[in-house]
Structures are given as C-alpha cells and as structure tokens.
C-alpha cells in the first residue's frame, strides 16, 4: 500500500494533467485546430488564455496530454499542405459540448407561470454512457427525477433542451413537454420553493 503522501502527490499530478487536457481540448474547440508547432518551446503562448494558472506547465505535459487525447479518441492529427494540425473528433466535440451544457443557466422568472416542463428521453442501451451523462446534466440544471427517464422543471427551458438535443445528437430520443398539471405536485412545489 502506498503511503498517504504518495497518494496525495499522485492525485495532484493527475489533477494537473486533467487540467492541461481540458485546456488543450478547450483551445482546440475555441480555435478549431492547433498546429503541431504547439509543441515547440514558445508555442504554449497560444494556450495562455486557457492555461492562466498553469502557465508554468512544461511542454512535455502538453505533449503528453495531446497524445492521451489522441489515444482516447478526443483529438486526431490532420495533415494538410500547410502542415500537421490537431483537430477535435466527434467524441471530442461531444465532450466539450457536455462542459458547456453543465454550465448552462436557465433564467428563472420572478413569477412562476404554473406550468411544468417535462423532459422524457429514450436513449438506446448501446448509448448507455450518454444516458447517464444526460441525467447528470439535468440534475446540474436543477431538474427533478420523476422516473428514470422522466424529469421535471418549473421554468421555461426549451432553449436548453434544444441545445442538449443538438449538442449530444439526441434528436428524437428526447421529448420536451409543457404540462398544466402533475398529479400530487405538492412535494415538487416545495422542492422548487414555488409556494
């Protein structure tokens, strides 16, 4: 068994690497592509806006992060007549979209319109991981689970649901309903502080 100091050190190292990987993905998402010249000594300046607190990270950490993201299927190398570039894959785009969805804020009106917003989804078993991600995102927004794939919220969130469907490629797997009444909604009213 490793001593605690070593475990904490390993955790800090992994957290730094995760931050570098996220910064690389965020950079590629923002810019569209990053030249492989990024790995050159002064090229980390391109990532400065995304790596403010990690400016001291060495180039090998960035190179290692890019390699892991490529191995994980989040990024791929693309060779053109202008050189080699790192670009997001579909998996990488979905991952970045999930960050954006998790940070989404629904505007709450001053007064509730007494209508419930219900999101129902039927995501196939082969996309089970995505189903779990949708649940996590809905919980983060503030939805309450009525059943495994039925979630409720009291405020207009149509824009969010459209974004969710588009960004995660859910299309017809997700339905958005606006309902006037929900059987025995007293607990929900209390939960959302509507009374």
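Rule-based calculations on the coordinates, nothing more; no lab input. These figures come from a predicted structure and were not determined experimentally. Note that each Cβ is placed from the backbone with ideal geometry, even for glycine, and that neighbours are counted across all protein chains shown.
Can you put 115, 79 in order of Cβ neighbours within 10 angstrom, beginning with the fewest? Don't skip to the end; give the middle numbers.
On the way: 115 15, 79 9.
Arranged by neighbour count, lowest to highest, 115, 79 become 79, 115.
Which parts of the range 163-195 would a label at residue 112 reach, counting a residue when its backbone N lies under 20 Å from a point 7 Å out along Cα-to-Cβ?
Backbone N within reach: 177-195.
Normalised by the number of residues in the range 109-195, what is the relative contact order in percent for Cα pairs under 8 Å and 6+ residues apart? Working shown, then result.
On the way: 86 pairs, mean separation 38.6, N = 87.
Relative contact order, the range 109-195: 44 percent.
Give the Rg (one decimal place) followed by the Dmax (whole number) of the range 103-191, computed from C-alpha coordinates and expressed in Å.
12.9, 41
Could you put 81, 149, 67 in order, starting from the residue whose Cβ has the fewest other Cβ atoms within 10 Å? Show your work: numbers first, answer last.
Details: 81 4, 149 17, 67 11.
Ascending Cβ contact count within 10 Å gives the list 81, 67, 149.
In square nanometres, what is the average projected area of the Cα convex hull of the range 99-143? Could the numbers behind the result be given before it?
Working: hull surface 15.3 nm².
Averaged projected area of the range 99-143's Cα convex hull equals 3.8 nm².
Exposure proxy check: 101, 146 ranked by fewest other beta carbons within 10 Å?
Values: 101 20, 146 15.
Fewest-to-most ranking of 101, 146: 146, 101.
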